[in-house]
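Single-structure report; data block below.
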Amino acid sequence: MTKKLIAIWAEDDNHLIGVNERLPWRLPKELQHFKETTMGQALLMGRVTFDGMNRRILPGRETLILTRDSDFEADGIIPVHSVEEALQWFKNQDKNLYIVGGASIYKAFESHYNQLIKTSVHGVFEGDTYFPNLNLSGFREDSQTFYEKDEKNAFDFTVTVFER
Ligand SMILES: NC(=O)c1ccc[n+]([C@@H]2O[C@H](COP(=O)([O-])OP(=O)(O)OC[C@H]3O[C@@H](n4cnc5c(N)ncnc54)[C@H](OP(=O)(O)O)[C@@H]3O)[C@@H](O)[C@H]2O)c1
């Protein structure tokens, strides 16, 4: 299988994705979907999102952090300092690279995605960070899966996969 560069995110009815450097909702089932999808592959996130996770790495996945700080260091991550450097890393290995946000990072890789994996959380939340407007011409919907709320997940959500 050819490796892919993939954007993966979760947004609410208003395209909200973040609040105070964190996710606006608590949805363990959605986190499980993220984990299963990305396990064994590589992730790239912005430095702010990484700080919001208290710089904890997600096990079983290679993690690239995008930052303009040339002195940036943290245990278990690969720092990258430009989109070009990240793309060069992607080219020289075999894993899928999941672009996992935040807002500025999704935008920065706009013209490079092979696939998009969007979770629509069915609700309206308070927050400060929105998914950016991307030019998604050439993408078509490939699959859609609905997850119903339950005692541990207070909101329904739908995962839609788009392919180019
Ligand atoms: N719902 C979701 O799916 C989802 C996913 C991810 C994140 N989020 C949320 O999104 C929010 C954070 O998003 P954000 O947009 O504020 O921050 P971010 O995208 O996580 O990080 C921004 C930082 O990335 C670095 N950066 C950005 N573009 C760069 C470039 N071209 N070259 C080098 N470095 C670059 C800079 O780091 P330096 O300042 O270090 O130079 C910049 O300050 C949080 O609330 C988080 O929870 C939500």
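The values are calculated or read from the model by the stated rules, or taken from the named source; none is laboratory data. Treat the numbers as computed from the prediction; the structure is a model and nothing was measured. Using ideal geometry, Cβ is built from the backbone for each residue, glycine included, and neighbour counts are taken over all protein chains shown.
Values as computed for the structure displayed
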{"quantity": "Selection from the range 50-66 of residues that are over 16 Å from LEU5 (Cα atoms) and either at pLDDT below 95 or more than 12 Å from the chain's Cα centre (by Cα) (or both)", "calculated": "ASP51, GLY52, MET53, ASN54, ARG55, ARG56, ILE57, LEU58, PRO59, GLY60"}
{"quantity": "For GLY101: the one exception among (1) farther than 12 Å from LEU16 by Cα; (2) surrounded by fewer than 19 Cβ atoms within 10 Å (Cβ to Cβ)", "calculated": "(2)"}
{"quantity": "Count of residues meeting criterion [in a strand (DSSP E or B) and under 18 Å from the mean Cα position of the chain (by Cα)] in the range 126-140", "calculated": "2"}
{"quantity": "Residue within the range 108-131 that is within 16 Å of the ligand (Cβ to nearest atom), within 21 Å of ASN14 (Cβ to Cβ), free of Cβ contacts under 8 Å to residues at least 40 places away in the same chain and surrounded by 14 or more Cβ atoms within 10 Å (Cβ to Cβ) present", "calculated": "yes"}
{"quantity": "Answer residue from the range 67-107, given it is under 13 Å from the mean Cα position of the chain (by Cα) and not in a loop (DSSP other than H, G, I, E, B) and is farthest from the ligand (Cβ to nearest atom) among those", "calculated": "LEU97"}
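Every residue, every condition in (1) within 12 Å of the ligand (Cβ to nearest atom); (2) surrounded by 16 or more Cβ atoms within 10 Å (Cβ to Cβ), yes or no:
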residue: ASN14; (1), (2): no, no
residue: ASN20; (1), (2): yes, no
residue: VAL48; (1), (2): yes, yes
residue: ARG61; (1), (2): no, yes
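Per-residue answers, yes or no, for (1) farther than 19 Å from GLY40 by Cβ; (2) touching a residue at least 60 places away in the same chain (Cβ under 8 Å):
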site: PHE72; (1), (2): yes, no
site: VAL83; (1), (2): yes, no
site: PHE90; (1), (2): no, yes
site: ILE99; (1), (2): no, yes
site: ALA103; (1), (2): yes, yes
